[in-house]
1. Only one of (1) within 15 Å of residue 68 (Cα to Cα); (2) at pLDDT below 95 is not met by residue 16, so which one is it?
2. Among the residues of region 34-44, count how many are under 13 Å from the mean Cα position of the chain (by Cα) and either surrounded by fewer than 20 Cβ atoms within 10 Å (Cβ to Cβ) or not hydrophobic (A, V, I, L, M, F, W, C) (or both).
3. For region 67-111, what are the residues that are charged (D, E, K, R) and assigned to a loop (DSSP other than H, G, I, E, B)?
4. So, in region 73-102, of the ones that are closer than 16 Å to residue 170 by Cα and of a type in the set (A, V, I, L, M, F, W, C), which residue ends up surrounded by the most Cβ atoms within 10 Å (Cβ to Cβ)?
5. In region 42-69, how many residues are in contact with an Asp or Glu (Cβ under 7 Å, 6 or more places away or on another chain) and either under 12 Å from residue 85 (Cβ atoms) or among the charged types (D, E, K, R) (or both)?
6. Based on this model, can you work out whether residue 113 counts as in contact with a strand residue (DSSP E or B) (Cβ under 9 Å, 6 or more places away or on another chain) and either on the phi < 0 side of the Ramachandran plot or crowded, with 24+ Cβ neighbours inside 10 Å (or both)?
7. Which residue is nearest to the chain's Cα centre (by Cα), if the candidates are limited to region 45-66 and must be free of Cβ contacts under 8 Å to residues at least 12 places away in the same chain and not in a loop (DSSP other than H, G, I, E, B)?
8. Taking interchain pairs and intrachain pairs at least six residues apart, which have beta carbon atoms under 6 angstrom, with the first residue in region 185-209 and without any contact (Cβ under 8 Å) to a residue 60 or more places away in the chain and on the phi > 0 side of the Ramachandran plot and the second of a type in the set (S, T, N, Q) and assigned to a helix (DSSP H, G or I)?
Amino acid sequence: MKQLTFHLPDHRPLIKICGLTRPENALACAKAGADAIGLVFFEKSPRNVSMETARSVTRVLPAHILTCGVFVDESFEFIMERVEHCGFSAVQLHGRESATLVEKLANQNLLVIKALFATHKPDLSDAHLYEAASFCLVEYGKGILPGGNAESWDYGLSAGLSTRLPLMLAGGLTPGNVQKAIQIANPMAVDVSSGVEKAYGLKDMKKVTAFIHKIRSI
């Protein structure tokens, strides 16, 4: 397992590109300026990857890139098997996971991202339960899958959280709206997947570059 030596970027939100499925595409995102790469372990997702595919991605990334496994209501043992096999430095919990699981994973020297939702539980009122998390990721949560489902929402709903806990903003972000969303919510990090894709799991590098440029030019 990697030792956690990650530091937040200065003067701008951390940029996480999620739902990668190909090593060369992930490496291109890192070279374009992404700080973190997310790999999804959820069978219902069109971006779901195997352990071997995830490992092939993490092995090509520079050491300074935060690598994150994304899970939905999985056990500690299931998560740690993939952390150890793939060398993840972070995990993202995108279901109804307990505060106990968050704390247990944080004690493994992992950066833990816990998702909260604007439309269902766990929601913003539950943020205080997850104080062991490194970030609370907030998104819309409307749709058949746990992720953002490419729908933008009222990002201002999460603005209050940024004054209490580290906020990662997600859900419907694109190169066209990310600047305004950041100005409204003031997050410490942003997370994007479908907003920079040309197919499920395959990022459009023109969109990725534009997304990163918009953030860096704020």
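The values are calculated or read from the model by the stated rules, or taken from the named source; none is laboratory data. In this text the structure is predicted, and so the values were computed from the model without any measurement. Cβ sites come from the backbone with ideal geometry, for glycine too, and all protein chains shown count toward neighbours.
1. (2)
2. Start the filter on region 34-44 by keeping residues that are under 13 Å from the mean Cα position of the chain (by Cα), which leaves 34-41.
Retained after the next criterion (residues that are either surrounded by fewer than 20 Cβ atoms within 10 Å (Cβ to Cβ) or not hydrophobic (A, V, I, L, M, F, W, C) (or both)): 35, 38.
Total satisfying the criteria: 2.
3. Keep residues of region 67-111 that are charged (D, E, K, R), which gives 73-74, 77, 81-82, 84, 96-97, 103-104.
Those that are charged (D, E, K, R) and assigned to a loop (DSSP other than H, G, I, E, B): 73, 74, 96, 97.
4. 91
5. Final tally of qualifying residues: 0.
6. Numbers: in contact with a strand residue (DSSP E or B) (Cβ under 9 Å, 6 or more places away or on another chain): yes; either on the phi < 0 side of the Ramachandran plot or crowded, with 24+ Cβ neighbours inside 10 Å (or both): yes.
Here the answer is yes, as residue 113 does meet what is asked.
7. 48
8. Filtered contacts from region 185-209: 186/162.
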